[in-house]
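Here the structure comes first, spelled out in structure tokens, and everything after it is commentary.
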Amino acid sequence: MLKQISRFERTSKVLILGFVGLMAISLVLFFRPNGGASSVEPTKSTEVLATVSGDEITVGEFASQKQNLQAQFSRFGGQISLIQMGYTDDKILEGLILKKVTVQEAARLGLGASEAEVKDRIARNFSDPTGKFLLADAAGKLDMSKYQERVGDVAAFERGVAEDIAREKLEAFVAASVRISEDEVQQEYKRKNTTFDLTYVIVSADNESVLR
């Protein structure tokens with residue numbers, strides 16, 4: 001029983017995100033990119049690929065996500081393509097759509113990330129094991145040149161951090177909503193493990209006739 005409860009808690013966030021994904025079907029509008037050649041670097045393009053309940057997904061976001069995924073796999077060495085790992089363009093776009101819907105649901109529930117939370121997450125992400133901030137200038141303040149060199153588009157990066165925090169909050173909220181109390185666990189255990197003592201006697205045919 002306890003194992004079943006544990007599995008249920010672990011899969012709860014998968015179930016809610018799956019439901020959110022189904023919701024996205026009715027909220028997404030797709031647009032065909034312009035067929036002509038563009039001189040704009042893909043990660044800087046503001047051309048819209050899709051809108052999710054009013055929130056736009058641009059070519060720039062898509063290209064940046066694709067680059068980030070490729071960079072993650074390249075750390076393992078060798079020339080591993082995204083296609084080999086199952087990351088087609090459609091798959092990447094679906095992930096961006098799901099992320100938008102998840103963030104929207106988190107915002108609806110009041111689970112969005114605050115500015116302080118974003119700053120704290122960035123500080124922790126760019127700190128060494130001793131806690132020293134790696135992007136500080138001589139005065140100990142954020143060095144914007146180092147920061148931009150590491151993250152590229154600062155606004156887009158910080159927006160992504162805020163979205164990640166909101167998603168984590170939503171997952172934690174869902175997990176907490178299905179948490180089972182200790183009393184409920186004990187009651188279920190007792191119900192499943194209740195035993196009975198049966199007292200019986202053997203009555204022979206002779207004894208049966210006497211009883212009559």
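Odds and ends about this structure:
- The calculated FRET efficiency for Asp153 paired with Val48, based on their beta-carbon distance and R0 = 22 Å, is about 0.85.
- Over 21 Å apart at the Cα level, from the set Lys66/Lys146; Lys100/Lys132; Lys44/Lys119; Lys44/Lys100, are Lys66/Lys146; Lys100/Lys132; Lys44/Lys119.
- Nearby aspartates and glutamates by direct alpha-carbon distance to Lys190 (threshold 15 angstrom, same-chain neighbours under 8 apart not counted): Glu182
- For Ser127, nonlocal amide neighbours, meaning residues 5 or more places apart or on other chains whose placed amide H falls under 5 Å from its own, are Leu134.
- Plainly put, region 85-191 has a radius of gyration that is 1.15 times its Kirkwood radius, both from alpha-carbon atoms, as the Rg/Rh ratio.
- Once the C-beta distance of Ala71 and Ala175 is scaled by a Förster radius of 25 Å, the resulting FRET efficiency is 0.25 to the nearest 0.05.
- Gain in span if fully extended, Glu41 to Gln84, counting 0.36 nm per residue against the direct Cα distance: 13.0 nm
- Length-normalised contact order for region 42-116 - Cα pairs under 8 Å, 6+ apart - percent: 23 percent
- Centre separation in Å (Cα based) which lies between region 96-156 and region 39-75: 18 Å
No lab work stands behind these numbers, since they all come straight from the coordinates. This structure is a prediction, so every number in the text was calculated from the model and none was measured. In this analysis, Cβ positions are derived from the backbone assuming ideal geometry, glycine residues included, and neighbour counts consider all displayed protein chains.
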